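Presented below is the structure to which this report refers.
The values are calculated or read from the model by the stated rules, or taken from the named source; none is laboratory data. Owing to the predicted nature of the structure, the values given are computational and were not obtained by experimental measurement. Backbone-built Cβ (ideal geometry, glycine too); neighbour counts: all protein chains shown. Heads up: the accessible areas ignore ligands, DNA and RNA and are worked out on the full protein's heavy atoms, side chains in. Shrake-Rupley method; radii C 1.70, N 1.55, O 1.52, S 1.80 Å.
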Amino acid sequence: MPRIYLPILLHPNLKDMKGFSKVLGLLLVLVLTTSCTSTSAEEEVDSFHFEAQVSPMEMEILELVNEHRASIGLNTLDFDKTAYDYAIEHTKEMIVKNEINHDDFDRRSSDLTIETKANYVSEIVGRNFITAKGVVHAWLKSDTHRKAIEGDYFYTAVSAKADSKGVFYFTQLFYR
């Protein structure tokens, strides 16, 4: 909750009780309207951390995927923080192994299903692309990747991270 400083209480026009009561009433209304929000401070911090964590390349990939989906009459996908955490974890694992893979997808899919109550999870990966357009274009040229992008999903997240040599690795998860 934002801090509210009350220098107005020291104002010389508040010498009588009537003026003080008006200011006190106004402050009460102000406090009630600022403290009765639909999100908690913890949710706001989580949201800020989440938004600060997503890279411009990741956001562009999401925009390109959603533009493609919309262009063929499909719903656009909502970006999901839980899926994002799993995508980051897998991308980092691929960087350590210096290879793209779907290792432990069963565990990732199962955990994501439990946490989000998902009915179906899909994953696509990539490496060696230097732009969002490059990786999305390659995915759309591949039947299996395009099938995932065009699947019956509601949520997605993508992780794009570079290794120490500047080679990018990508993981995108989809679920409904």
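Filter region 37-75 down to the residues that are open to solvent by 70 Å² or more (accessible area, probe 1.4 Å), at pLDDT 95 or above and polar (S, T, N, Q) and list them by number.
Ser71, the sole residue that qualifies.
Taking region 145-159 as the search range and keeping residues that are free of Cβ contacts under 8 Å to residues at least 60 places away in the same chain and more than 27 Å from Val96 (Cα to Cα), which one is surrounded by the most Cβ atoms within 10 Å (Cβ to Cβ)?
Kept after step one, since they are free of Cβ contacts under 8 Å to residues at least 60 places away in the same chain, are these residues of region 145-159: 145-148, 151-152.
Cutting the leftovers down to more than 27 Å from Val96 (Cα to Cα) gives us 147, 151-152.
Numbers: Lys147: 11, Gly151: 16, Asp152: 11.
Of everything passing the filter in region 145-159, Gly151 is surrounded by the most Cβ atoms within 10 Å (Cβ to Cβ).
For region 81-96, which residues satisfy the criterion of being open to solvent by 70 Å² or more (accessible area, probe 1.4 Å) and under 24 Å from Gly134 (Cβ atoms)?
Lys92, Val96
Rundown of residues vs (1) over 21 Å from Met57 (Cα atoms); (2) open to solvent by 70 Å² or more (accessible area, probe 1.4 Å); (3) of a type in the set (Ser, Thr, Tyr), yes/no style:
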residue	(1), (2), (3)
Phe79	no, no, no
Asn98	no, yes, no
Ile114	yes, yes, no
Thr131	no, no, yes
His137	no, yes, no
Lys141	no, yes, no
Lys161	no, no, no
